[in-house]
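J.: The structure that follows is given in the form of structure tokens.
Read-outs throughout are calculated quantities, based only on the coordinates presented, and are distinct from any laboratory measurement. Quick caveat: nothing in here was measured; it's all calculated off a predicted structure. Every residue, glycine as well, gets a Cβ built from its backbone with ideal geometry; the counts of neighbours run over all protein chains shown.
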Amino acid sequence: MAFVVAAIWRAQEGQEATITQVLEQMAPLSRQEPKVLQYIVHRSPDDPRTFFLYEQYTDRSGYEDHLATPHFEQLARGIAIPNLESRERAFYETWGV
């Protein structure tokens, strides 16, 4: 079973470009991590301040490893999160039906 993170980031007013730049840098770096199966960034067509991230890891430790990477620390924690109005995360495991 893969470990899945569904995250919704809502940028602070006027910070859409900042979040876009962070995600443009972070997505390719995250996809190179050994336990990342998918890292897909979406943007709402109705609200450019809202981003949806679908992340799939080999297991929970893959997600924990992701949180410890220099690019997550620098880009997500250092730049994106302080410029978000809200951040929601939901966690799932794939289910083989």
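J.: May I ask you to list the residues in region 30-55 that are surrounded by 15 or more Cβ atoms within 10 Å (Cβ to Cβ) and over 11 Å from the mean Cα position of the chain (by Cα)? Walk me through how you get there before you give the answer.
T.: Taking region 30-55 as the starting set, the residues that turn out to be surrounded by 15 or more Cβ atoms within 10 Å (Cβ to Cβ) are 30, 33, 35-37, 39, 41, 43, 49-51, 53, 55.
If the condition is that a residue be surrounded by 15 or more Cβ atoms within 10 Å (Cβ to Cβ) and over 11 Å from the mean Cα position of the chain (by Cα), then E33, K35, V36, L37, R43, R49, T50 are the ones that fit.
J.: Restricting to region 17-29, what's the tally of residues that are surrounded by 18 or more Cβ atoms within 10 Å (Cβ to Cβ) and either in contact with a Phe, Trp or Tyr (Cβ under 8 Å, 6 or more places away or on another chain) or over 15 Å from G78 (Cα atoms) (or both)?
T.: Of the residues in region 17-29, the ones surrounded by 18 or more Cβ atoms within 10 Å (Cβ to Cβ) are 19, 22-23, 26.
Keeping just the survivors that are either in contact with a Phe, Trp or Tyr (Cβ under 8 Å, 6 or more places away or on another chain) or over 15 Å from G78 (Cα atoms) (or both) gives 19, 23, 26.
Residues in region 17-29 being surrounded by 18 or more Cβ atoms within 10 Å (Cβ to Cβ) and either in contact with a Phe, Trp or Tyr (Cβ under 8 Å, 6 or more places away or on another chain) or over 15 Å from G78 (Cα atoms) (or both): 3 in total.
J.: Looking at (1) within 8 Å of the chain's Cα centre (by Cα); (2) part of a strand (DSSP E or B); (3) of a type outside the set (G, A, S), find the lone condition where L23 falls short.
T.: (2)
J.: A further question follows. Would you check which residues across region 60-97 are among the hydrophobic types (A, V, I, L, M, F, W, C), closer than 18 Å to L37 by Cβ and touching a residue at least 24 places away in the same chain (Cβ under 8 Å) and list them?
T.: F72, A90, F91, W95
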